[in-house]
1. Over the chain, what is the relative contact order in percent, taking alpha-carbon pairs closer than 8 angstrom and at least six residues apart?
2. Relative to the first principal axis of the alpha-carbon coordinates of the chain, what is the inclination of helix 143-153, with its axis defined by its Cα atoms, in degrees from 0 to 90 and to the nearest 10?
3. Rounded to whole Å and sorted largest first, list the principal axis extents of the Cα atoms in region 2-44.
4. To the nearest 10 degrees, how steep is helix 105-117 against the longest Cα principal axis of the chain, on a 0 to 90 scale?
5. Tell me which label goes with the value of Cα extents along the principal axes in Å computed from the coordinates here: (1) 96, 40, 25; (2) 62, 34, 27; (3) 50, 36, 26.
Amino acid sequence: MTRAVAVVLVTATYVLTLASLDPFDIATGLAVSVAVLAGLRSFLLADPPLPARELARRAIRLPAFSLIVVREVIVGTWHVALVVVGLRPLAQPGIVEVPIGERTPNGVAVTALAITLSPGEVLIDVDWSRGAMLIHAIDATEPERIRERHAEIYERFQRGVFP
């Protein structure tokens, strides 16, 4: 049952992205959904499936996490735009080591995606042996502040949805 719901949700996302209800687009979305979910089933779908209560709890927390990611994208876009147009100097770009902490491998993947969506930071590598994510930041003058921001976002918003 969970896999069928996942296929419907991924197909719906595909169709909404295209803003089209054309039967060909729906069929294409369905084929893409089945292929993606089959290829990434162990990564995307818990085995055994999560209980309905846990899925509901995560679904309730998803909007807050989504909004914080949108906020990070807006703030990152603003900071990069200021540098690009010359209103802010390119002070000290560099690599910051951010601890993985209690993130699961799926949680690290979601964190990486969220970081990379926002201009100004990109995940370079994950060092599993040291328990750290290496992030390139356009402004790495205060690496501790960057680590604290990522820890706060994880603890307050991501952990309840994608641990």
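Every number in this text was worked out from the coordinates using simple rules, so none of it is lab data. Because the structure is predicted, anything quoted here is derived from the model rather than measured.
1. Numbers: 161 pairs, mean separation 38.4, N = 163.
Worked out over the chain, it gives 24 percent.
2. Around 30 degrees separate the two axes.
3. 31, 15, 13
4. Computed tilt is about 60 degrees.
5. Answer by label: (3).
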